[in-house]
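For reference, the structure discussed in these notes is given below.
The values are calculated or read from the model by the stated rules, or taken from the named source; none is laboratory data. This is a predicted model, so every value here is computed, not measured. Methodologically, a virtual Cβ is constructed for each residue, glycine included, from the backbone with ideal geometry; neighbour enumeration extends over all protein chains shown.
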Amino acid sequence: MILRLLVVVSLVLSATGLGILALQLVQPAGTPQQVARVEAPPVVAPPPKVRMIVAARPLSIGTLLKDEDFREAEVASDGVPEGAFTSGTASLAELRGALLRRYIDPNQPVIATDVLRPRDRGFLAAVLRPGTRAISIGVDVVTGASGLIWPGDEVDLILTQNLQQQGQGPESAGRRVVGETILSAVRVIAVDQQISHSGSDANAARVVARTVTLEVTPEQAERLAVAMQLGRISLVVRSIEGVPEATGPRPSLVFGSDVSSALTGPQAPSTTTRMRVIQGGSQQEVTFR
């Protein structure tokens with residue numbers, strides 16, 4: 001009985017082992033474990049750099065802008081605010097002589113809405129101080145200081161007349177030409193100067209102004225209108241800082257004989273006596289003949 005039981009157990013174990021072996025033979029080989037691929041994030045190129053025009057120093061409202069009021073700053077292209085001026089001759093031409101409409105701190109960009117350009121409507125009305133007027137005079141390369149006068153400069157106006165050409169009778173050689181300062185410390189508010197260029201900034205050519213607009217009082221406007229009919233008017237740029245001078249016209253006249261002793265003649269020595277009168281911060285020259 002025991003022998004028979006052992007045989008049955010042996011047969012059961014053998015059948016079980018054969019079944020496990022058959023299952024392993026029938027089952028396909030296991031696939032290798034796949035490793036997840038982690039890709040590196042794409043390299044994002046930094047935005048390109050551009051040169052933007054910013055304020056070189058604190059700029060007050062009402063300033064007539066000049067080249068020295070700006071500088072160029074390199075910034076990312078996505079950091080340029082809308083309406084900002086980028087580097088280039090065209091941008092400088094747009095800003096030169098424009099009226100600043102708000103205060104700008106140093107290194108802040110200048111926006112198109114911050115300025116009022118000479119060609120914009122209402123420019124003259126905005127730039128003129130209360131009680132003043134705007135008057136334009138014609139200039140050339142000589143009378144306009146070779147195109148180096150900019151809006152915001154202060155100038156003196158010198159009238160030169162040829163008395164003989166004006167039919168005022170025969171005059172001695174030393175008194176035919178006379179010059180005098182008719183206005184002093186007059187502010188320039190507009191110059192029709194532009195920069196024309198082709199190809200590159202290196203080929204830029206300066207076009208000399210043909211008219212200059214000045215800020216004057218009503219009385220000064222009348223004097224200047226008459227002076228333009230009398231003779232040639234020259235602009236003289238005043239220093240930014242200097243000894244205070246009288247803002248009115250000087251009473252002295254300068255004749256040809258005062259400049260060149262050859263016009264006085266060998267037997268006609270000049271008897272002109274000049275005296276400088278200093279009163280407070282003003283200076284005047286008085287000529288005695």
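In table form, for the structure just shown:
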read-out: Residue that is nearest to residue 54 (Cα to Cα) [pool: residues in the range 70-95 that are among the charged types (D, E, K, R) and out of contact with any Lys or Arg (no Cβ under 7 Å at 6 or more places or on another chain)]; value: 71
read-out: Residue among 288, 255 that alone is of a type in the set (Phe, Trp, Tyr), at pLDDT 80 or above and farther than 17 Å from residue 153 by Cα; value: 255
read-out: Filter result for residue 50 (surrounded by 10 or more Cβ atoms within 10 Å (Cβ to Cβ), in contact with a helix residue (DSSP H, G or I) (Cβ under 6 Å, 6 or more places away or on another chain) and at pLDDT 75 or above); value: yes
read-out: When residues of the range 53-65 are limited to those that are closer than 17 Å to residue 91 by Cα and in contact with a helix residue (DSSP H, G or I) (Cβ under 9 Å, 6 or more places away or on another chain), the one surrounded by the fewest Cβ atoms within 10 Å (Cβ to Cβ); value: 56
read-out: Search result, residues across the range 69-128 that are surrounded by fewer than 19 Cβ atoms within 10 Å (Cβ to Cβ), among the aliphatic types (A, V, I, L, M), part of a loop (DSSP other than H, G, I, E, B) and in contact (Cβ under 8 Å) with a residue 40 or more places away in the chain; value: 128
read-out: Flag if residue 229 is under 21 Å from residue 134 (Cα atoms) and at pLDDT below 85; value: no
